[in-house]
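Chemist: Below you'll find the structure I mean.
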Amino acid sequence: MELQKNVQPQAEIPDAKSALWSGLFGKMDVRAYTMVGALILIWVLFGILDPTFLTARNLSNLFTQMSVTSILAIGMVLVIVAGHIDLSVGSIVGLTGGIAAIFSNWLGLPAIVVILATLAAGAVLGLVQGWLVAYKMVPAFIVTLGGMMVFRGALMGITGSMTIPVSDPVLALLGNAYFAPGFGIVLGVLAVGLLVWSMFNKRRSRQKYGFEVASLAADVIKVAALSLLVVVFVLVMNAYKGIPFPIIFVIVLAAVFYFLSKKTTFGRHIYAIGGNLEAARLSGINIRRKTMLIFLLSGLLSSIAAIVLTSRLASATITAGNMAEMDAIAACVIGGTSLMGGAGTVLGALIGALVMTSLDNGMSLMGLESFWQYVVKGSILVFAVWLDISNRRKGAN
């Protein structure tokens, strides 16, 4: 009788190349990489069609233009991740911008008082809406749709439907100033240093708790690529006038809300609420309080965007912030935030905002009529939602 040997198959040992590839792309966010690729394609296309698109001056203006949408999108991410929507942010921008102009121009208050009053107004408006959604159980869509109309009407009422100029030199700097080239270099060095420190800190933390660690070469390549982007950004901005002040607002707020969403209990609770409401309730999460807070934060960020926009335009108008909520929602969805809740990142929202602004800027340079901007942006939004639904269905199967 012939005996068969029970031979165990030998496990494959990945070579250095496959380990590097896995470290770079094994757990990547496909949606984010797709959007980055689309952004590069948009820039190349517009750069070919109109050489002025890629000039330092235009790119500086582009980043300044995206600041308002970016600030609104940062707050919108948390709202959508929690399974809600905020249609009122554009009207809050208009109303709080009008309040800032009235306090500055009509009442002659100091800039610091104007800023604090504007921020307080935005926070209160967001808090009231959050209270209605969380404690009175009125759907967020209805509350914020009503808020969108009420706040726009209030703006028309308090301003008399007039444009109010803002001449305070301090307020004017917030939306129009540029930092000196030396500041940009210092900021770039700090950013690169932070990236390197973050990489080694993350590796050390994962090794300490026994988690899988990507190859050192993969992490170095990632950090080198991000550092190159930082250096290019600083050099391009310095080639014109320096880094625009509104971009510093975006960078600081993005860093704060990235930490809030990813590194705090509050952020984890928001993702849990959007991912599975019943499980979050059974886990003891105070859903009502968290819901009210995210609307408060959305209103606060809307007032910050209002300060930037009012400063940049040197006036408050009744059309300020009009349709801004749609741009913010589109930026979030294009950047990978799911309208079903439970998924989305601040970085993705910024990429989405840059895509939206690049389309606006590029088509304006080409002299295309404004209706094409709506057609293109609307089509991209529908495509992004379809892509999200398709990915979810594949994941469910």
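Chemist: For SER315, list long-range residues whose amide hydrogen, built 1.01 Å from N in the peptide plane, is under 5 Å from its own amide hydrogen.
Modeler: VAL166
Chemist: Moving to a separate point now. State the answer as a single residue: which of GLY182, VAL220, LEU235 lies farthest towards the positive end of the charge dipole of region 181-241, with beta carbon charges of +1 for Lys and Arg and -1 for Asp and Glu, about the Cα centre.
Modeler: VAL220
Chemist: For region 286-300, what does the Karplus curve 6.51 cos²θ - 1.76 cosθ + 1.60, with θ = phi - 60°, yield as ³J(HN,Hα) per residue in whole Hz, taken in order and with x for Gly and Pro?
Modeler: After applying 6.51 cos²θ - 1.76 cosθ + 1.60, I find 7, 5, 5, 5, 5, 5, 5, 5, 5, 6, 4, 5, 5, x, 5 Hz.
Chemist: Grab the Cα-Cα distance for VAL256 and ILE221, subtract it from 0.36 nm times how many residues apart they are, and report the gain in nm with one decimal. Each step should come with its number before you reach the end.
Modeler: Values: separation 35, 0.36 × 35 = 12.60 nm, distance 2.56 nm.
Gain on extension, VAL256 to ILE221, equals 10.0 nm.
Chemist: Find the centroid of the Cα atoms in region 220-278 and in region 348-397, then give the distance between the two in whole Å.
Modeler: 20 Å
Chemist: Something else: With runs of 4+ DSSP H residues as the only contributors, calculate the mean residue ellipticity of the chain at 222 nm using -39,500 (n - 2.57) per run, divided by the residue total and rounded to the nearest 500.
Modeler: On the way: 16 runs with 296 residues, N = 397.
The per-residue figure over the chain is -25500 deg cm²/dmol.
Chemist: Which distance in nm do the two modelled labels at LEU41 and LEU173 give, with both placed 7 Å along the Cα-to-Cβ direction?
Modeler: Roughly 4.4 nm, to one decimal.
Chemist: If you don't mind, there's one more thing I want to ask. Could you pull out every residue, at least 5 positions away or on a different chain, whose amide H is within less than 5 Å of the one on GLY336? Hs are placed 1.01 Å off N in the peptide plane, and Pro or chain starts have none.
Modeler: Here nothing satisfies the definition.
Chemist: Moving on to the next point. Please name whichever of SER303, LEU359, GLY210 sits farthest to the positive end of the charge dipole of the chain, dipole taken about the Cα centre and charges placed at Cβ: Lys and Arg +1, Asp and Glu -1.
Modeler: GLY210
Chemist: Across the chain, how many lysine pairs, 8 or more apart or on two chains, come within less than 23 Å at their alpha-carbon atoms?
Modeler: 20
Chemist: What label, among (1) 32, 28, 20; (2) 40, 27, 21; (3) 44, 22, 19, belongs to semi-axes √(5λ) of the Cα gyration tensor in Å computed from the structure on display?
Modeler: (2)
Chemist: On to the next question. Compute a Gaussian network model of the chain, connecting alpha carbons closer than 10 Å, and tell me which residue from TRP106, TRP131, TRP43 fluctuates the most.
Modeler: Looking only at TRP106, TRP131, TRP43, the biggest GNM fluctuation is shown by TRP106.
Chemist: So, one more: What does the highest-first list of 269-275, 96-102, 170-176 look like by mean Cβ count within 10 Å?
Modeler: Details: 269-275: 21.7, 96-102: 27.9, 170-176: 17.4.
The most tightly packed comes first, giving 96-102, 269-275, 170-176.
Chemist: Among rounded, prolate and oblate, which fits region 201-254 when a ≥ b ≥ c are the square roots of the eigenvalues of its C-alpha gyration tensor, a/c under 1.5 means rounded, and a/b larger than b/c means prolate? All intermediate terms of the calculation are to be shown ahead of the outcome.
Modeler: Values: a/c = 5.85, a/b = 2.16, b/c = 2.71.
It is oblate, given that a/c is not under 1.5 and a/b is not larger than b/c.
Chemist: On the accessible surface of the chain, probed at 1.4 Å, how many percent belong to carbon and sulfur atoms?
Modeler: Values: 14380 of 20710 Å².
Percent of accessible area from carbon and sulfur atoms in the chain: 69.
Chemist: Only four residue types carry charge here, +1 at the Cβ of Lys and Arg and -1 at the Cβ of Asp and Glu. Report the dipole size of the chain about the Cα centre in Debye, rounded to the nearest 20. Please list the in-between numbers first.
Modeler: Values: 26 positive and 15 negative charges, 211 e Å.
Around 1020 debye, computed over the chain.
The values are calculated or read from the model by the stated rules, or taken from the named source; none is laboratory data. For clarity, every value in this text was computed on a predicted model and none was experimentally measured. Note that we place each Cβ from the backbone using ideal geometry, even for glycine, and neighbour counts take in every protein chain shown. SASA here: full protein model, heavy atoms, side chains in, ligands and nucleic acids out. Shrake-Rupley method; radii C 1.70, N 1.55, O 1.52, S 1.80 Å.
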